[in-house]
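First the structure, which I've put down as structure tokens, then a few questions once you've had a look.
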Amino acid sequence: MVTTRAGILGTGHSYPEGILTNADLATMVETSDDWITTRTGIKQRRKAAPEEYTSQFAVRAGRQAIERAGLQAEDIDLILCATVSPDQILPSTGCIIQAELGANKAAAMDLVAACSGFLYGLTLADAMIRTGQTKYALVIGAEVLTRYVDYTDRQTCVLFGDGAGAAVVGAVEGDRGILAARIRSDGRYLEQLYSPGGGTRRKPTAETLAAGDHFFKMKGNELFKVAVRSMADISREVLEEAGLSAEDVKLFIPHQANQRITDAVANKLNVESERVYSGISQHGNTSSASIPIGLDESVEAGKISPGDLVLMASFGGGVTWGGVLLRW
């Protein structure tokens with residue numbers, strides 16, 4: 001029996017031109033560049049203009065990934081858009097992306113797994129390709145998180161930024177491709193990072209909007225411990241499944257939530273800083289977009305070559321987490 005392995009054929013990313021610096025935030029809330037940098041590693045984040053929206057960045061990243069894969073939009077038969085900041089409730093942002101790209105043969109849908117969304121999508125695309133149900137999948141992580149930020153809450157407003165990253169996934173030959181992929185969740189921790197308003201449980205009203213129920217709420221200290229443990233554990237899982245170790249990894253791309261989390265996870269895995277992607281200083285936390293943006297930036301910078309092992313790990317609200325190991 002011949003086993004088909006899925007691999008990444010092309011990547012892309014896009015983010016707004018608007019930049020919100022730490023100095024800008026210091027004029028809006030009681031904070032400073034030193035306070036933000038010391039606690040998060042962030043110096044600036046991208047911020048969408050009032051007239052910009054999630055699918056615009058997703059489409060740009062998707063087009064770039066399709067072009068780099070040497071394909072046309074009509075070749076794509078599955079579009080998975082990971083986002084917690086969709087264009088609208090109905091239809092899915094995935095369907096909006098499909099129409100804009102002209103990928104008329106594709107099934108399209110959204111995935112809601114917060115910061116783990118891209119790895120959730122990559123794991124599902126891997127399964128669909130290996131079982132022969134999909135030939136080419138476009139997996140996108142796209143967010144305009146600044147729409148949900150309370151700029152009077154210095155604990156959260158300093159963290160989040162906007163952008164999108166994408167990858168085209170298809171069958172590959174030889175020892176290339178996804179070697180192991182795992183996704184997990186634990187809803188018992190849901191109130192560590194969540195947005196309580198806007199759904200059927202607490203519908204949008206003048207009162208809920210005034211109360212800021214649609215903004216992100218976070219328990220940072222508790223989240224830190226769970227995030228570090230979960231990302232380190234699932235990284236070990238996928239490495240063990242592939243019969244490899246962290247020493248074999250050329251590049252580790254963790255979700256860009258906080259530089260201290262990145263450093264703690266890398267330390268647990270014994271991965272030196274020069275083998276760890278870090279773009280949080282320039283982008284902030286872009287949730288589901290952070291890993292695909294990091295992947296594409298690493299490709300563009302020549303940090304990944306054919307045959308290199310790339311390890312990706314994520315953690316997000318839900319809580320959710322995931323790990324993917326692939327050979328480039």
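Readers should treat all values here as calculations from the given coordinates under stated rules, not as data from a laboratory. The structure displayed is predicted, hence computed values, not measured ones. No Cβ is skipped: glycine too gets one built from the backbone with ideal geometry, and neighbour counts run over all protein chains shown.
Which angle from 0 to 90°, rounded to the nearest 10, does the C-alpha axis of helix 220-241 make with the longest principal axis of the chain?
In the chain, helix 220-241 runs at an angle near 0 degrees to the longest axis.
For the chain, set up a GNM with springs between Cα atoms under 10 Å and report which of T27, T286, T134 has the largest fluctuation.
For the chain, modelled as a Gaussian network with Cα springs under 10 Å, the answer is T27.
Distance between Cα centroids, the stretch 68-147 to the stretch 169-233: provide it in whole Å.
For the stretch 68-147 versus the stretch 169-233, the Cα centre distance is 18 Å.
Now for a different question. When the C-alpha atoms of the stretch 141-236 are aligned to their principal axes, what extent does each axis show, in angstrom, from largest down?
On the principal axes, the stretch 141-236 reaches 58, 29, 28 Å in Cα extent.
On full extension of the chain, what length is gained from D33 through I89, given 0.36 nm per residue of separation minus the C-alpha to C-alpha distance?
Value of the extension gain: 16.6 nm.
May I pose another question? Mind checking which lysines have their C-alpha under 26 Å from K203, skipping anything on the same chain fewer than 8 residues away?
Hits, sequence-local ones excluded: K217, K219.
Here is a follow-up. Among I293, I129, I89, determine the one that fluctuates most according to a GNM of the chain built with springs between C-alpha atoms less than 10 Å apart.
I89
Return the sequence-ordered ³J(HN,Hα) values of the stretch 156-171 in whole Hz as given by the Karplus equation 6.51 cos²θ - 1.76 cosθ + 1.60 applied to θ = phi - 60°, using x for Gly and Pro.
10, 5, 7, 8, 9, x, 10, x, 8, x, 9, 8, 8, 10, x, 5
Most mobile of T37, T262, T208 per a Gaussian network model of the chain (Cα springs, under 10 Å)?
Sorting by GNM fluctuation, first place goes to T208.
Using a Förster distance of 30 angstrom, determine the FRET efficiency expected from the C-beta separation of A127 and R147, and round it to 0.05.
Once rounded, the FRET efficiency stands at 0.40.
Rounded to the nearest whole Å³, what is the per residue volume of the convex hull around the Cα atoms of the stretch 235-281?
Working: hull volume 3.2 nm³, N = 47.
Residue-normalised Cα hull volume stands at 68 Å³.
For the stretch 51-64, in order, what is each residue's ³J(HN,Hα) by Karplus, 6.51 cos²θ - 1.76 cosθ + 1.60 with θ = phi - 60°, in whole Hz (x at glycine and Pro)?
8, 8, 8, 4, 5, 4, 6, 5, 5, 4, 5, x, 4, 4
Ignoring everything except DSSP H segments at least 4 long, calculate the 222 nm mean residue ellipticity for the chain; use -39,500 (n - 2.57) per segment, divide by total residues, nearest 500.
On the way: 10 runs with 104 residues, N = 328.
Taken over the chain, the calculation gives -9500 deg cm²/dmol.
K303: which aspartates and glutamates have alpha carbons under 18 Å from its alpha carbon, excluding same-chain residues fewer than 8 sequence positions away?
Leaving aside aspartates and glutamates fewer than 8 places away in the same chain, those within reach of K303 are E247, D248, E272, E274.
Indicate, rounded to the nearest 5 percent, the antiparallel portion of the DSSP beta bridges found entirely in the chain.
Details: 39 of 55 bridges.
About 70 percent, rounded to the nearest 5.
List the residues of the stretch 288-310 whose backbone N lies under 17 Å from a point placed 7 Å from the Cα of K250 along the Cα-to-Cβ direction.
Zone members listed by number: 294-310.
While we're looking at this one, here's another question. List the pairs from K225/K268; K47/K268; K105/K135 whose alpha-carbon separation is above 22 Å, in the order I gave them.
On the way: K225/K268 12 Å; K47/K268 33 Å; K105/K135 11 Å.
Table pairs above 22 Å Cα-Cα are K47/K268.
Let me ask another. Can you compute the label reach from E74? Point 7 Å from Cα along the Cβ direction, backbone N cut-off under 18 Å, restricted to the stretch 97-118.
98-107
D for the stretch 179-327, whole µm²/s, Stokes-Einstein with Kirkwood Rh over alpha-carbon pairs at 20 °C and 1.002 mPa s: what number?
Values: Rh = 16.3 Å.
This corresponds to a translational diffusion coefficient of 131 µm²/s.
Turning to a different aspect of this structure: Which ordering of H13, H214, H283 is given by a fewest-first count of other beta-carbon atoms within 10 Å? Could the numbers behind the result be given before it?
Values: H13 28, H214 17, H283 24.
The order, fewest Cβ neighbours first, is H214, H283, H13.
Let me ask another. Give the residues of the stretch 254-292 whose amide nitrogen is closer than 16 Å to a point set 7 Å from the Cα of I19 in the direction of its Cβ.
Correct set: 279-285.
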